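Asks: Shown below is the structure under consideration.
Every number in this text was worked out from the coordinates using simple rules, so none of it is lab data. Treat the numbers as computed from the prediction; the structure is a model and nothing was measured. Neighbour counts run over all protein chains shown; Cβ positions are idealised from the backbone, glycine included.
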Amino acid sequence: MERFAYSVRELVDKLAPEDDEEEKLKLLRQVRHWTNADLLTPLGEKNTGTGVSRKYGPDEVRKAAILRDLARFGLTVNKLEGMGEYLDDLAKDPSWRDAITNKEAVYLELFWSPDGAHAWSVARDEHLLAIMRPSWKPPRLKNSKIKLPDPNFTSAIVLSLNRIFSRLTL
């Protein structure tokens, strides 16, 4: 059974149980930075005051694990603007629970074009990297609210949410 709330230190220990103290301190600073940038949402107040620890729910720990993987690719808070809100919405989607339970393969995909445009999407079973092929053309969708990624994207990162979540012990 999942615990309901984790302190910042407990969150870091969940993300990096094997890391040395120096790496954990670096990650602690990152978690605080992500929180201040609204990429992570603590339970209650964001600014708790001196001596009162922020608490994070299990899905925030999972979001932090995703952000940690993205940070390894050099993605800064500026490049991830809006990602916190996107992940909040994704956490309400059935695909999030499917990734947690490993019911179905779930991928988080991030795309960029040379002009700085970007898009995020979630795919089940097979990821959407087919759009990176030079021959890819967006299909014509009638009366659809689906927004397909721009065919001019030149870069992509694909994360397996199943594997990221399976590394956590919550």
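Asks: Compute the distance in nm between two label points, each set 7 Å from the Cα along the Cα-to-Cβ direction, one at Asn78 and one at Arg9.
Replies: 3.4
Asks: If you keep only loop residues by DSSP, which chymotrypsin sites (Phe, Trp or Tyr not before Pro) in segment 56-115 have at most 14 other Cβ atoms within 10 Å of their Cβ?
Replies: Details: sites: Tyr56, Phe73, Tyr86, Trp96, Tyr107, Phe111, Trp112; in loops: Phe73.
Passing sites in segment 56-115 are Phe73.
Asks: Out of segment 1-98, which trypsin sites (Lys or Arg not before Pro) are coil in DSSP terms and have no more than 13 other C-beta atoms within 10 Å? The partial results should precede the final answer.
Replies: Working: sites: Arg3, Arg9, Lys14, Lys24, Lys26, Arg29, Arg32, Lys46, Arg54, Lys55, Arg62, Lys63, Arg68, Arg72, Lys79, Lys92, Arg97; in loops: Arg3, Lys46, Arg54, Lys79, Lys92.
Here the trypsin sites (Lys or Arg not before Pro) that fit, given the DSSP loop and packing criteria, are Arg3, Lys46, Lys92.
Asks: Roughly how many nanometres apart are two label points built 7 Å out from the Cα toward the Cβ at Arg124 and Glu45?
Replies: About 4.2 nm, to one decimal.
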